[in-house]
1. Output wanted: per-residue J couplings in Hz (rounded whole) for segment 156-170, from phi through Karplus 6.51 cos²θ - 1.76 cosθ + 1.60, θ = phi - 60°, x for Gly and Pro.
2. Given the Cα-Cα distance of GLU232 and GLN335 and 0.36 nm per residue of separation, how much length would full extension add, in nm?
3. What Kirkwood Rh does segment 64-158 have if only Cα atoms enter the pairwise 1/r average? Answer in Å.
4. Roughly how many debye, to the nearest 20, is the charge dipole of the chain about its Cα centre, given +1 on each Lys and Arg Cβ, -1 on each Asp and Glu Cβ, and no other charges?
5. State the antiparallel share, in %, of DSSP beta bridges confined to the chain, rounding to the nearest 5.
6. Which number do you get for Rg(Cα) / (2.2 N^0.38 Å) in segment 228-384?
7. Enter the Cα centre distance for the pair segment 123-175 and segment 393-417, rounded to the nearest angstrom.
8. Tell me, what is the per residue accessible area of segment 176-298 in Å², probe radius 1.4 Å?
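The values are calculated or read from the model by the stated rules, or taken from the named source; none is laboratory data. Keep in mind that this is a model prediction, so the values were computed, not measured. Quick reminder, even Gly has a Cβ in these numbers, built from the backbone with ideal geometry, and neighbours come from all protein chains shown. Surface accessibility is based on the protein's heavy atoms, side chains included, excluding ligands, DNA and RNA. Shrake-Rupley method; radii C 1.70, N 1.55, O 1.52, S 1.80 Å.
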Amino acid sequence: MENLSFPREFLWGVSTSAFQIEGAVDEGGRGPSIWDTFTKTPGKIANGEHARVAADHYHRYPEDVALMSDLGVGAYRFSFAWPRILPDGKGAPNAEGLAFYDRLIDSVCEAGIAPVATLYHWDTPQPVEDAGGWLVRDTAEWFAEYAAVMGERFADRVKMWIPLNEPMVMSIYGYAIGEYAPGKALLLDAVPTAHHQNLAHGLAVQALRAAGAASIGTANNHSPVWPETGTEPENAAARWLDALLNRLYADPVLLGRYPGELVEHLPAGFADDLPTIAQPLDFYGVNYYEPQGVKAPGPGNPLPFELRPIEGFPMTTNDSPIVPHALRDLLLDFQGRYADRLPPIYLTENGCSFDDRVAEEGGVRDPERIDFLVEHLSAVRAAMDAGVDVRGYFVWSLLDNFEWSKGYAPRFGLVHVDYETLRRTPKDSFAWYRKLVRDD
Ligand code: FCB
């Protein structure tokens, strides 16, 4: 029997991001982002889908806040769209953009829900990309200016701040293999984008602290790396991939140093930035979806590792193997690695996609999602029992949304969205989570 009893003060939440739900890309003075450009590029998004409307949250946020209020969560993690605030990436802030987030945050607060704000969830303003994006150091400085604007405006209401969401995904998917915007395929030449994002994180933490922000952390995607055979070439490949996926962000932020494997790929002078990057944090956000299989590189492979699919587990419709115990292992491993440098942990994202449909009799039956949540929360509970300080859990996601290059097919929400009518239908997992967070 799973143990799903959590401390009274455990923070239950749901997560979303701006580009995936807001729509209204040409409204309210918003400028273009790299994802607007990418979705217009033929062949980049499944079925040629785009996010001009998405879940229309920009207009329907009162309904979405009402859903969260019914759900009974204590916190809502969302992201600000940088191109709504600074359409040119820098300069004078757009008053209409700030006013939208005023309305959203005020209504979240009125519902008794704590706003948890991410400053950047991959929607770089196109002019910033045109000036070099994360390949250039200036972007970190522009990001710090943006962070200062947001801190000054919202520090009075936002309870927890996350400067960047998953810089690893931006570096690897956006700049190393080009599956996500801005669509560059630079392989290891993309490593400087990790450093510039880490620097942006550190500078933003400083700017937010100066603005009086209450609690500041980060949100990184972490995937335990699984070699298959345990031979030395394979273990070496696993160490390398672990450095690339997991430690390239966590080590400089928490320990003030980079994993040795990657040092030769970093920009010159990177070491001078390490004290800025390693700002003390109030919490560390872990986003967990799946482990990653690895093997030794075959002949002719330019990389020191090769990815290998993990077999023998049930899969989501986003092609993720469902491996709850890897979440417990990851949390314990984290505790071991970072020990007293590790602030309290929040699971800032965890969730799954299935082929959810509205039933003829109404409602959405999604028993697989309920099982997923039960098993992953049990894994979190087990890690807590083993001494890991986990303070909260956010389901990805409140709503079905635009899942980047996969378009709308993978449905991650506790609430189903009909993209024709934009009608919201809470799924069975919504009722299940509602009971859990209200009873706990
Ligand atoms: C995470 C992203 C989030 C969503 C989920 C499924 O890596 O942060 O936007 O796409 O994956």
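1. Each residue of segment 156-170 in turn: 6, 10, 6, 8, 9, 10, 10, x, 10, 8, 6, x, 4, 5, 4 Hz.
2. Difference between extended and current length: 34.5 nm.
3. Details: mean 1/r = 0.0708 Å⁻¹.
After inverting the mean inverse Cα-Cα distance, the result is 14.1 Å.
4. Numbers: 37 positive and 62 negative charges, 101 e Å.
It works out to roughly 480 debye.
5. On the way: 9 of 43 bridges.
If we restrict to bridges inside the chain, about 20 percent are antiparallel.
6. 1.24
7. The two parts, judged by their Cα centres, are 23 Å apart.
8. Details: 4210 Å² over 123 residues.
Counting only protein heavy atoms, the per-residue value for segment 176-298 is 34 Å².
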